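The values are calculated or read from the model by the stated rules, or taken from the named source; none is laboratory data. Since this is a predicted model, take the numbers as computed values, not measurements. Positions of Cβ are backbone-derived with ideal geometry, glycine not excepted, and every protein chain shown enters the neighbour counts. Remember, those area values only see protein heavy atoms, side chains included, never the ligands or the DNA or RNA. Shrake-Rupley method; radii C 1.70, N 1.55, O 1.52, S 1.80 Å.
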There are 2 protein chains.
Amino acid sequence: MDQDKDVTIYDLARVLNISVATISRALKDDPVVSKKTKKKILDLAEEMGYRSNHFARNLRNRRTHMIGVIIPRVNSYFMSTVIAGIEKVTNEAGYNLIISQSSESVAKEIQCVRTMFNNRVDGLLVSLAYDTTDTSHFDLFQRKSIPFLFFDRVAEDNRWANVLIDNRKASYEVTSHLIAQGCRRIVHVTANSKSNVYSDRILGYKQALADHHLPFAEENIIRNTLSQEAGGDAAAFIRQMDPLPDGVFVANDNCAVGCLLALKRSGLRIPEDIAIAGFNNDPVSTVVEPNLTTVNYPGYEMGVVAARNLIHHLNGTSGIEVTNTILLKAELIVRASTQRG
Amino acid sequence: MDQDKDVTIYDLARVLNISVATISRALKDDPVVSKKTKKKILDLAEEMGYRSNHFARNLRNRRTHMIGVIIPRVNSYFMSTVIAGIEKVTNEAGYNLIISQSSESVAKEIQCVRTMFNNRVDGLLVSLAYDTTDTSHFDLFQRKSIPFLFFDRVAEDNRWANVLIDNRKASYEVTSHLIAQGCRRIVHVTANSKSNVYSDRILGYKQALADHHLPFAEENIIRNTLSQEAGGDAAAFIRQMDPLPDGVFVANDNCAVGCLLALKRSGLRIPEDIAIAGFNNDPVSTVVEPNLTTVNYPGYEMGVVAARNLIHHLNGTSGIEVTNTILLKAELIVRASTQRG
């Protein structure tokens with residue numbers, strides 16, 4: 001299929017050997033057409049990337065000046081800074097943003113992709129849901145040569161352009177820092193997710209243990225939703241571990257803060273009894289006492305870089321295809337919650 | 001103009017006494033048409049609510065199953081909980097959400113409204129930018145009978161349906177509580193905004209002072225961006241006031257936390273020297289020490305109520321026109337930052 005040509009109802013009619021009038025009626029959900037035929041037509045329409053507004057072909061070379069953003073949720077400081085970065089760039093370039101959230105569900109993410117497609121966005125920026133492993137729902141955009149790229153939570157298969165940090169390296173640094181502070185039994189609290197963000201952090205944690213000749217134990221990995229409340233629950237779990245861990249590395253600051261507060265309330269001294277580190281450098285990391293050691297995750301810069309690459313591509317000044325992965329710097333920020341010296 | 005009929009290029013041609021071909025070319029931004037003529041056509045097109053996709057009339061009675069949400073920013077805990085509430089309801093009703101942020105700018109908000117209109121959302125939920133006072137950009141939706149309602153930051157003129165809390169009452173309760181704890185010189189930190197949210201809180205604060213025979217002084221109102229950093233700056237300002245205030249009521253928790261931490265660092269005891277209260281009940285209010293007295297702002301419920309009203313209207317089970325204002329409960333939560341007893 002020629003990717004620069006829009007699929008028309010004539011194409012659908014030819015493939016199915018059904019009259020154009022019937023195709024047209026089916027797409028308008030006319031009760032005259034049987035359910036079975038309708039299904040056949042709609043399935044093919046989807047497969048071939050037919051746009052729900054079939055007048056779209058008339059608007060083909062017209063830009064909508066809309067950029068779509070699909071994210072898991074808008075509820076984190078990190079994500080709001082990414083969006084601020086995207087907004088800055090797209091706004092200056094004369095584009096409007098429309099944002100849609102997958103609520104960490106693959107099914108919802110597929111819906112979001114279709115909504116964005118039917119709204120004819122000029123380009124798409126995506127951070128994947130927790131358990132998206134198959135990314136074939138983006139083929140729709142690929143087939144139409146509508147540019148898109150992933151940021152933070154990126155596609156496993158690495159076929160597309162990605163903007164992210166070196167999660168493995170950052171996690172390695174946090175874990176090595178805890179070891180340097182004398183921690184020997186380090187628990188890692190992470191998301192129950194297959195996403196690169198979390199799997200890479202586990203790899204970094206393991207690598208740091210190995211490089212310092214410390215044993216890795218599966219039971220030292222606690223998986224939860226990474227909310228502040230989940231941090232409290234993790235603390236209760238940690239409290240009854242025997243021997244008591246002496247270090248906790250949590251994959252985000254919210255959960256680390258919940259964990260820190262609960263461990264403090266249970267009578268432990270932070271960092272003397274247990275050192276705690278988080279990830280993201282959310283403002284809450286400087287509110288909690290002691291202040292939280294964390295990794296500065298450059299959300300705003302990530303948004304700027306992702307949007308800039310997309311816009312450059314739209315303006316024809318650079319191709320997304322040639323870019324594969326852009327890594328941004330993320331550095332360890334040592335604060336009182338781990339400084340035992 | 002009949003509000004159920006879409007404006008066509010023929011209507012534009014008739015009104016302007018210009019050929020349909022010229023109108024069509026102007027709308028496609030064809031260089032053949034002079035700038036002056038184009039401007040005339042585009043201005044009228046806007047005034048008459050012509051949709052940028054003029055094929056839209058063919059799709060007239062077709063729902064897009066999209067609900068648009070326009071908010072100032074996605075960067076607050078409060079707003080993310082509102083969106084979660086909206087999402088729950090719209091998702092269950094089979095609608096997709098598209099979100100767009102005004103970044104606190106009226107100009108951007110007007111753009112967002114047009115984007116939503118051109119995307120043919122079935123309905124719209126809006127929280128206004130800081131300085132939106134004129135809401136005529138929503139007339140576009142009104143004229144087409146596309147339902148919309150405001151939440152939290154609502155329209156001044158009260159022509160539309162609103163979902164909000166009684167900001168005046170909540171603020172009255174916070175201020176009265178501070179007075180009951182012995183505070184006599186209470187500073188109010190608020191946004192530099194004309195929005196109902198902030199003006200109503202100022203009214204409640206003033207009313208409480210008056211009812212307790214305490215003088216109101218304009219210099220006790222500090223206006224800033226309500227960010228955590230701005231809270232630190234407010235603290236520096238408060239520190240040099242003479243006599244030193246003994247109570248601070250901040251219009252959100254983020255700013256209250258920044259203020260509390262900076263006052264603490266400057267050597268003051270909270271609440272003995274200065275009692276501090278915030279607003280929203282963000283999670284950070286239970287992280288800061290001492291924990292922050294605040295108002296529980298039911299964001300999730302607000303999202304649910306706003307979305308439910310819109311969906312009921314779309315399903316024809318209730319009219320938005322008959323509803324004017326829905327007030328949700330918001331109650332004072334007293335914590336250590338104000339308990340001097």
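Phi-derived couplings, Karplus 6.51 cos²θ - 1.76 cosθ + 1.60 at θ = phi - 60°, listed residue by residue for segment A:191-196: 7, 7, 8, 8, 4, 3 Hz, with x used for Gly and Pro. Other protein chain C-beta atoms within 10 Å of residue C-beta, averaged over A:115-123: 3.
Shape call for segment A:167-297 from the C-alpha gyration tensor, a ≥ b ≥ c root eigenvalues: rounded (a/c under 1.5), prolate (a/b greater than b/c) or oblate?
Note, shape of segment A:167-297 comes out rounded.
With 10 Å² as the minimum drop in accessible area between chain alone and full protein complex (1.4 Å probe), the qualifying residues in segment A:63-83 are A:Met66, A:Val74, A:Asn75, A:Ser80, A:Ile83.
For chain B, the relative contact order is 17 percent, taking Cα pairs closer than 8 Å that sit 6 or more residues apart in sequence and dividing their mean separation by the residue count.
The string of couplings for segment B:137-152 from the Karplus curve (6.51, -1.76, 1.60, θ = phi - 60°) is 5, 8, 4, 3, 6, 4, 4, 8, 6, 8, x, 8, 8, 9, 9, 6 Hz, one whole number per residue in order, with x for Gly and Pro. Summing Lys and Arg as +1 and Asp and Glu as -1 over all other residues whose Cβ lies under 13 Å from the Cβ of B:Val154 gives a net charge of -2. Under the combined filter of DSSP loop state and at most 15 neighbouring Cβ atoms within 10 Å, segment B:208-264 retains these chymotrypsin sites (Phe, Trp or Tyr not before Pro): B:Phe216. Ignoring ligands, DNA and RNA, please state the percent of accessible area on chain A from carbon and sulfur, probe 1.4 Å. Ligands and nucleic acids excluded, carbon and sulfur give 49 percent.
Restricting attention to chain A, close to 10% of DSSP beta bridges with both partner residues there are antiparallel. Charge tally for A:Cys255 (other residues, Cβ to Cβ under 10 Å; Lys, Arg +1; Asp, Glu -1): -3.
For the protein assembly as shown, what does the alpha-carbon gyration tensor say about shape, rounded, prolate or oblate, given a ≥ b ≥ c as the root eigenvalues, a/c under 1.5 as rounded, and a/b over b/c as prolate? Walk me through the numbers on the way to the answer.
Working: a/c = 2.23, a/b = 1.33, b/c = 1.68.
Oblate, because a/c is 1.5 or more while a/b does not exceed b/c.
Highest-first packing order for the peptide set A:79-92, A:324-337 is A:79-92, A:324-337, based on the mean count of other beta carbon atoms within 10 Å. Each copy carries a label point for A:Asn324 at 7 Å from Cα toward Cβ; from one copy, the others' points are 6.4 nm away, ordered from shortest. Remark: for residue pairs A:Lys169/A:Lys194; B:Lys38/B:Lys144; A:Lys35/B:Lys88; B:Lys144/B:Lys194, the C-alpha separation exceeds 20 Å in B:Lys38/B:Lys144; A:Lys35/B:Lys88; B:Lys144/B:Lys194.
Dipole of segment A:271-341 computed with +1 at Lys/Arg Cβ and -1 at Asp/Glu Cβ about the Cα centre; of A:Tyr300, A:Ile333, A:Val284, farthest Cα towards the positive end is A:Tyr300.
Ranked from shortest, the separations from the 7 Å Cα-to-Cβ label point of A:Asp43 to its equivalents in the other copies are 5.5 nm. Take A:Arg14, push a point 7 Å out from Cα through the beta-carbon direction, and compare it with the same point in every other copy: 4.0 nm, smallest first. A:Asp29 sits with roughly 100 Å² accessible to a 1.4 Å probe, with DNA, RNA and ligands left out of the calculation. Using a probe of 1.4 Å on the protein chains alone, the accessible area found for A:Tyr77 is around 100 Å². Counting only protein heavy atoms and using a 1.4 Å probe, the accessible area of B:Arg143 comes to about 100 Å². Per the accessible-area calculation with a 1.4 Å probe, the total area buried between chain A and chain B rounds to 3200 Å². In segment B:88-168, Cα pairs under 8 Å separated by at least six residues give a relative contact order of 23 percent.
Counting only DSSP H runs of at least 4 residues, each contributing -39500 (n - 2.57), and dividing by the residue count of the protein assembly as shown, the helix-based mean residue ellipticity at 222 nm comes to -12000 deg cm²/dmol.
Taking the charge dipole of segment B:167-297 about its Cα centre, with +1 at Lys and Arg Cβ atoms and -1 at Asp and Glu Cβ atoms, the residue from B:Ala208, B:Ala262, B:Gln181 reaching farthest to the positive side is B:Ala208.
Of the peptides B:252-258, A:97-103, the ranking by mean beta-carbon count within 10 Å, highest at the top, reads B:252-258, A:97-103. Rounded to the nearest Hz, the phi-derived 3J(HN,Hα) couplings of segment A:279-291 under the Karplus curve 6.51 cos²θ - 1.76 cosθ + 1.60 (θ = phi - 60°) are 7, 2, 6, 5, x, 4, 5, 9, 9, 5, 10, x, 4, where x marks glycine and proline. Charge dipole (Cα centre; +1 on Lys/Arg Cβ, -1 on Asp/Glu Cβ; no other charges) of chain A amounts to roughly 1080 debye. Take each residue in A:92-98, count the other chain C-beta atoms within 10 Å of its C-beta, and the mean is 4.
The mean count of C-beta atoms from other chains within 10 Å of the C-beta of residues in A:299-308, rounded to a whole number, is 0.
Scanning residues 5 or more positions from A:Val248 or on other chains, those with amide H under 5 Å from its amide H are A:Val187, A:Ala275, A:Ile276, A:Ala277, with H placed 1.01 Å from N in the peptide plane.
What does the C-alpha gyration tensor say about the overall shape of chain A? Classify as rounded when a/c is under 1.5, otherwise prolate if a/b is larger than b/c, or oblate.
Working: a/c = 2.88, a/b = 2.26, b/c = 1.28.
Prolate shape, in that a/c is at least 1.5 and a/b is the bigger ratio.
A cut-off of 5 Å between modelled amide H atoms, ignoring neighbours fewer than 5 places along the same chain, links A:Tyr297 with A:Asn280, A:Asn281.
Think of a 1.4 Å ball rolled over the protein heavy atoms: the protein assembly as shown then has 42 Å² of accessible area per residue. Using only side-chain charges placed at the Cβ, +1 for Lys and Arg and -1 for Asp and Glu, the dipole size of segment B:204-329 relative to its Cα centre rounds to 240 debye. Measuring r between the beta carbons of B:Lys329 and B:Leu203 and using R0 = 22 Å, the FRET efficiency lands at 0.70.
For A:Phe148, nonlocal amide neighbours, meaning residues 5 or more places apart or on other chains whose placed amide H falls under 5 Å from its own, are A:Leu124.
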